[in-house]
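K.L.:
Structure provided below as structure tokens; questions to follow.
The values are calculated or read from the model by the stated rules, or taken from the named source; none is laboratory data. These figures come from a predicted structure and were not determined experimentally. Neighbour counts run over all protein chains shown; Cβ positions are idealised from the backbone, glycine included. Only protein heavy atoms, including side chains, enter the accessible area calculation; ligands, DNA and RNA are left aside. Shrake-Rupley method; radii C 1.70, N 1.55, O 1.52, S 1.80 Å.
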Amino acid sequence: MKEKNNKEIVYLLVCLVVVTLIYLLNHFTLYTSDDFVYRFIYKEPFPSANEQPVRSLFDLITSQINHWKVWNGRFTGHSIVQIFMQHNKEVFNVFNSFVFLSLGILIDSLSFEIVSNKHRKHQVLYLAIIFLILWWFLPEIGKTVLWISGSGNYLWTAVLDLLWLKVVLKRNQSPYNILWTIPLAFFSGAGNENTSPAFILLISLIILYDAVSEKRVGVSRVLEIVAACIGFLLMLASPGSQKRAGDISLFYDLSNKLANLFQMSWQKYSILYIAILVLLIYSLVKSYLNRKQFFYFLFIMCAHFACIYSLVATNELPDRVFFGASVLLCLALLILLRLILEEVLFLKKLALVFLLLLVIKFGFSYTKAFSDINSTYKVVSMQYREIYQAKENGQSTIILKRYPKPKTLFNAYNGTSNLGESRDEWFNRWMAVYFGIDSIESRE
């Protein structure tokens, strides 16, 4: 009993370390790009003369309807962003750090649910592996985890997807659950254009498999799928998204599009693909995978590839759209690792040694990322101080120094819109509105 308690304490300590490390990166990441826009009830891409902060649920709904019509249909992610943009940045920093922790814990918990209940649930080894994989294989962490607008659309929606999957695997058929599982499925369906349908596919396959195996279908599960599809279709129906996307010919140059996606995914995930293939073959040879686990694993991989190859229907391929694919691949890898390492003690000990080496490598990587983020933070925080000082002095126009080019993709300012030279540029105008001054210009 004492040994068990000690291991759980270590598990909690690892969780605390993860929250602290991510919190620090969040703390030193200030606002950039779209963030200032979402402080206000959305009306149009450029500020008008009477911006109003979101002060109530009615304001939020009004803002999201306008946003859906004019710009984008992802009302789940942007609602999260708008809620946090009404508060001090520290509120987001704290909540976002725990949501990132939740991402890893959910992957850990789901892999445990799929593998077996006979092994101990909370193991530091697997949790540490998850966060190291996420650190190196989540795309553009600066823009998908640390940036408020990006985190709401990628990190938070992925956690909602995993939470819905967790509910499905728990198989709790209480009729009262639909009061929150159906809204959960609906908002998950409206997460983003490639991850949401991938999870709808995954959960539909799991529900279908269970229906065939157990000769029954839970009504609540069917209602959840319907709700998720409605959320997804409502997101796709956004006039703003359709207008900005322009005409997309799905079958034009299809072979080149597929080849490009294959090349991009191989470049990102080749190490994980090879590891998964080796582990899968070993698991099959040793008969570690039972029928159900094998099919669940295949369903997750199908969802992973669906998340990638559904991108043939888009004209833009920023790295952040691979966020859901990375999460699903991490889950697939953890399932195989759990199956094998719990059966082969020698390999588990070897994994612990390898993990120690990766932790050391992570230390260097994190230090580099923190240094880069902190250097940008110093300049941006100085911009804010100069603005507040200018307001106190009665100035209506201010010229700010721009930050140097970020060095890593862990920096949210790397590739996001920020200060331009002219006061008429999009970001300058929104920043001025946010801080309540007439105009902002910039210099090198």
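K.L.:
What distance in nm lies between label points placed 7 Å from Cα along the C-beta direction at VAL285 and VAL217?
P.N.:
Calculated label separation equals 4.1 nm.
K.L.:
For GLU392 and ALA313, what is the calculated FRET efficiency with R₀ set at 51 Å and r taken between the beta-carbons, to the nearest 0.05? Show your work: numbers first, answer last.
P.N.:
Working: r = 51 Å, r/R0 = 1.00.
Computed FRET efficiency for GLU392 and ALA313 comes out at 0.50.
K.L.:
Also, I was wondering about something else. If R0 is 22 Å, what FRET efficiency do you get for LEU350 and TRP266 from their C-beta distance, rounded to 0.05? Don't skip to the answer; put the middle values down first.
P.N.:
Numbers: r = 27 Å, r/R0 = 1.22.
The calculated FRET efficiency here is 0.25.
K.L.:
Would you mind telling me the share, in percent, of accessible area of the stretch 371-422 contributed by carbon and sulfur at probe 1.4 angstrom? Kindly include the intermediate steps, with their values, before the conclusion.
P.N.:
Values: 1390 of 2770 Å².
On the stretch 371-422, the fraction of accessible area on carbon and sulfur atoms equals 50 percent.
K.L.:
Label ASP253 and ARG443 with points 7 Å out from Cα along Cα→Cβ: what is the distance between them in nm?
P.N.:
4.4 nm
K.L.:
Among all helices in the chain defined by DSSP H, which have a length of 15 Å or more along the axis from Cα atoms plus a Kyte-Doolittle mean of at least 0.5? Can you show the working numbers first?
P.N.:
Working: long enough: 2-27 (37 Å, 0.75); 57-70 (20 Å, 0.26); 89-115 (39 Å, 1.28); 124-137 (19 Å, 2.66); 155-170 (22 Å, 1.46); 178-189 (16 Å, 1.63); 195-214 (28 Å, 1.54); 219-236 (26 Å, 2.13); 254-285 (37 Å, 1.10); 291-309 (27 Å, 1.03); 323-341 (27 Å, 2.66); 345-392 (66 Å, 0.48).
Those that clear 15 Å and a mean of 0.5 are 2-27, 89-115, 124-137, 155-170, 178-189, 195-214, 219-236, 254-285, 291-309, 323-341.
K.L.:
Next question. Would you list, by chain and number, the aspartates and glutamates whose Cα falls below 18 Å from the Cα of LYS348, excluding same-chain residues fewer than 8 positions away?
P.N.:
Answer for LYS348, where 18 Å is the Cα cut-off: ASP108, listed by chain and number.
K.L.:
Measuring with a 1.4 Å probe in the full set of protein chains, what accessible area per residue, in whole Å², belongs to the stretch 358-427? The partial results should precede the final answer.
P.N.:
Details: 4020 Å² over 70 residues.
Heavy-atom SASA per residue in the stretch 358-427 reads 57 Å².
K.L.:
Also: Per residue, how large is the accessible surface of the stretch 218-320? Use a 1.4 angstrom probe and give square angstrom.
P.N.:
Working: 5910 Å² over 103 residues.
So the stretch 218-320 comes to 57 Å² accessible per residue, rounded to a whole number.
K.L.:
Express the accessible area of the stretch 20-145 per residue in Å², computed with a 1.4 Å probe while the remaining protein chains stay in the model. Provide the component values of the computation, followed by the final result.
P.N.:
Numbers: 4610 Å² over 126 residues.
Heavy-atom SASA per residue in the stretch 20-145 reads 37 Å².
K.L.:
Leaving ligands, DNA and RNA out of it, report the carbon-plus-sulfur percent of the accessible area of the stretch 222-368 at a 1.4 Å probe.
P.N.:
Details: 5610 of 7990 Å².
Heavy-atom surface of the stretch 222-368 belonging to carbon and sulfur, 1.4 Å probe: 70 percent.
K.L.:
Find the all-direction average of the projected area of the Cα convex hull for the chain, expressing the result in square nanometres with one decimal place. Provide the component values of the computation, followed by the final result.
P.N.:
Working: hull surface 95.0 nm².
Here the figure is 23.8 nm², rounded to one decimal.
K.L.:
Using 0.36 nm per residue, how much length does the chain from ILE274 to PHE98 gain when fully extended, once their Cα-Cα distance is taken away? Can you show the working numbers first?
P.N.:
Values: separation 176, 0.36 × 176 = 63.36 nm, distance 3.13 nm.
Result: 60.2 nm gained on full extension.
K.L.:
Next question, about the same structure. Below 8 Å between Cα atoms, with a sequence gap of 6+, how large is the relative contact order for the chain in percent? Walk me through the numbers on the way to the answer.
P.N.:
Working: 579 pairs, mean separation 95.2, N = 444.
In percent, rounded to a whole number, it is 21.
K.L.:
Shifting gears a bit: Which length gain, in nm to one decimal place, applies between PHE364 and LYS170 when the Cα-Cα distance is subtracted from 0.36 nm times their residue separation?
P.N.:
Details: separation 194, 0.36 × 194 = 69.84 nm, distance 3.90 nm.
65.9 nm is the gain from fully extending PHE364 to LYS170.
K.L.:
SER116 to GLU343: extension gain in nm, 0.36 nm per residue of separation minus the Cα-Cα distance?
P.N.:
Working: separation 227, 0.36 × 227 = 81.72 nm, distance 1.21 nm.
Going from the current span to full extension adds 80.5 nm.
K.L.:
Going down the table (LYS243/LYS405; LYS7/LYS349; LYS268/LYS401), which pairs top 25 Å between alpha carbons?
P.N.:
On the way: LYS243/LYS405 32 Å; LYS7/LYS349 16 Å; LYS268/LYS401 35 Å.
Where the Cα-Cα span goes over 25 Å, the pairs concerned are LYS243/LYS405; LYS268/LYS401.
K.L.:
Still on this model: Given a 1.4 angstrom probe, I'd like the percentage of the accessible area of the stretch 46-172 that is carbon and sulfur, rounded to a whole number. Don't jump to the answer; show the numbers that get you there.
P.N.:
Details: 2900 of 4440 Å².
Carbon plus sulfur share of accessible area: 65 percent.
K.L.:
If you don't mind, there's one more thing I want to ask. Based on DSSP H runs of at least 4 residues, each adding -39500 (n - 2.57), what is the mean residue ellipticity at 222 nm of the chain after dividing by all its residues, to the nearest 500 deg cm²/dmol?
P.N.:
Working: 16 runs with 298 residues, N = 444.
Computed mean residue ellipticity for the chain: -23000 deg cm²/dmol.
K.L.:
Of GLU421, GLU113, which has the most accessible area and how do the rest follow, probe 1.4 Å? Numbers along the way, then the final one.
P.N.:
Values: GLU421 125, GLU113 45 Å².
So, going from the largest accessible area down, we get GLU421, GLU113.
K.L.:
Report PHE98's accessible area, 1.4 Å probe, all protein chains in place, as a number in Å² to the nearest 10.
P.N.:
It works out to around 110 Å².
K.L.:
With charges only on Cβ, +1 for K and R and -1 for D and E, what is the dipole size of the chain about its Cα centre, in debye, rounded to 20? Let's see the in-between values first.
P.N.:
Working: 42 positive and 31 negative charges, 271 e Å.
Charge dipole, the chain, about its Cα centre: 1300 debye, nearest 20.
K.L.:
Take the Cβ-Cβ distance between GLU421 and LEU13 as r, set R0 to 35 Å, and report the resulting FRET efficiency rounded to the nearest 0.05. Please list the in-between numbers first.
P.N.:
Numbers: r = 48 Å, r/R0 = 1.38.
After rounding to 0.05, the efficiency reads 0.15.
K.L.:
Any idea how far apart MET382 and PHE58 come out in nm if each label point goes 7 Å out from Cα toward Cβ?
P.N.:
4.6 nm
K.L.:
Enter the accessible area of THR397 (Å², nearest 10), with the probe set to 1.4 Å and all protein chains included.
P.N.:
Counting only protein heavy atoms, the figure is 50 Å².
K.L.:
Follow-up question, since we're still on this one. Just the ratio, please: alpha-carbon radius of gyration of the stretch 350-404 over 2.2 N^0.38 Å, N its number of residues. Let's see the in-between values first.
P.N.:
Working: Rg = 19.8 Å, N = 55, 2.2 N^0.38 = 10.1 Å.
That works out to 1.96 for the stretch 350-404.
K.L.:
How large are Rg and Dmax for the stretch 83-184 when calculated on the C-alpha trace, in angstrom?
P.N.:
15.4, 46
K.L.:
Quick one: divide the alpha-carbon radius of gyration of the stretch 49-101 by 2.2 N^0.38 Å and tell me what you get.
P.N.:
1.25
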